[in-house]
Amino acid sequence: MEKNIQLEFDEILKNLINPFFKKRGFKKQGNNFNKKINNLVQVINIQKSRQNQEDNVSFTINIGFFDIEIYLENSSQIPKFIHDYDCQIRFRIGSVVHGNDYWYELTQKTKKEDLEIEIHYDLTNSLIPIFEKVIDLNHLKDFILKNEVVQITTTAIYKIKIFIKTNEFKKAEELLQSEYHRALNPKDYVSKTILPDGTEIIKTSKSAINTKYLEILKKIAETNGVVL
């Protein structure tokens, strides 16, 4: 007898994930969870794959940290509920559990109980220790510096702002100068297509200078006495 995979996914949410975060003080909206600590909001999002079928459900857990002060630098109002795409720092659970992207799989062959054990283990042993430690901007800075994947996935502008706010002026200055030089000299995008007969087609797309981004970097530099 075939299992109802969508029903099993809903049961994992209802019986494991939702109570897990509710017990730890998170507020819920849809498949999103928020918890405010000091000036940070810790954010969770359960994302289903767009490629899911009736007999196959893949999903992952997106994690974010939202700093209220940084957000208000460019906005007059904080969203009523923070989503992972609002966050300055975003990553997936796979990056801290496996060191790469990772999706949980529900199929006809999957034992739901085994998957629940795996998810609970990952949340308890990998995610919660991060949330317990990262409770302010200083701890968030330390987390970024110690996690290579998070360093790569965090945009330079947010790292610069976090370094400035946590008095890491040397790091902020070096990154600001290198990012300004990179933005001033954007690399062209080169793509290669190999046809069935083995012919290679190489196309180069000319990159344009993002003047608006340059102005933002200049303003940060001027405000903080950094020479570009």
How many residues are among the small types (Gly, Ala, Ser) and surrounded by 13 or more Cβ atoms within 10 Å (Cβ to Cβ) when one looks only at region 172-187? 2
Quick check on my filter: what residues within region 188-228 are in contact (Cβ under 8 Å) with a residue 12 or more places away in the chain, basic (Lys, Arg) and either closer than 28 Å to ILE160 by Cβ or surrounded by 10 or more Cβ atoms within 10 Å (Cβ to Cβ) (or both)? LYS206, LYS218
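Yes/no matrix, rows are residues, columns are (1) surrounded by fewer than 17 Cβ atoms within 10 Å (Cβ to Cβ); (2) in a strand (DSSP E or B); (3) at positive phi; (4) in the same structural domain as THR166 (by TED's automatic domain parsing):
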position	(1), (2), (3), (4)
GLN42	no, yes, no, no
ARG50	yes, no, no, no
ILE61	no, yes, no, no
ILE70	no, no, no, no
SER75	yes, no, no, no
LYS80	yes, no, no, no
SER95	no, no, no, no
THR110	yes, no, no, no
I need the full set of residues from region 183-217 which are over 26 Å from the mean Cα position of the chain (by Cα) and basic (Lys, Arg), in order please. LYS192, LYS203, LYS206
Which of (1) touching a helix residue (DSSP H, G or I) at 6+ places or on another chain (Cβ under 8 Å); (2) closer than 30 Å to ASP101 by Cβ; (3) surrounded by fewer than 16 Cβ atoms within 10 Å (Cβ to Cβ); (4) at pLDDT 95 or above is the odd one out, the single condition PHE169 does not satisfy? (2)
Which residue out of SER178, SER126 is part of a helix (DSSP H, G or I), assigned by TED's automatic domain parsing to the domain that holds ASN45 and closer than 26 Å to PHE91 by Cα? SER126
Being modelled with pLDDT under 90, of a type outside the set (Asp, Glu) and touching an Asp or Glu at 6+ places or on another chain (Cβ under 6 Å) is true for just one of THR204, THR153, THR199. Which residue is that? THR204
Inside region 82-93, can you point out the residues that are part of a loop (DSSP other than H, G, I, E, B) and either touching a helix residue (DSSP H, G or I) at 6+ places or on another chain (Cβ under 8 Å) or over 24 Å from GLU11 (Cα atoms) (or both)? ILE82, CYS87, GLN88
How many of the residues in region 27-40 are part of a strand (DSSP E or B) and closer than 28 Å to LYS161 by Cα? 8
Exactly one of LYS146, LYS141, LYS133 is at pLDDT 95 or above, assigned by TED's automatic domain parsing to the domain that holds PHE26 and under 16 Å from the mean Cα position of the chain (by Cα), and that one is LYS141
Filter region 136-148 down to the residues that are crowded, with 16+ Cβ neighbours inside 10 Å and not in a loop (DSSP other than H, G, I, E, B) and list them by number. LEU137, HIS139, LEU140, LYS141, PHE143, ILE144
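The values are calculated or read from the model by the stated rules, or taken from the named source; none is laboratory data. Here the structure is a predicted model, which means the values were calculated and not measured. Positions of Cβ are generated from backbone atoms using ideal geometry, with glycine treated the same way; all protein chains shown enter the neighbour counts.
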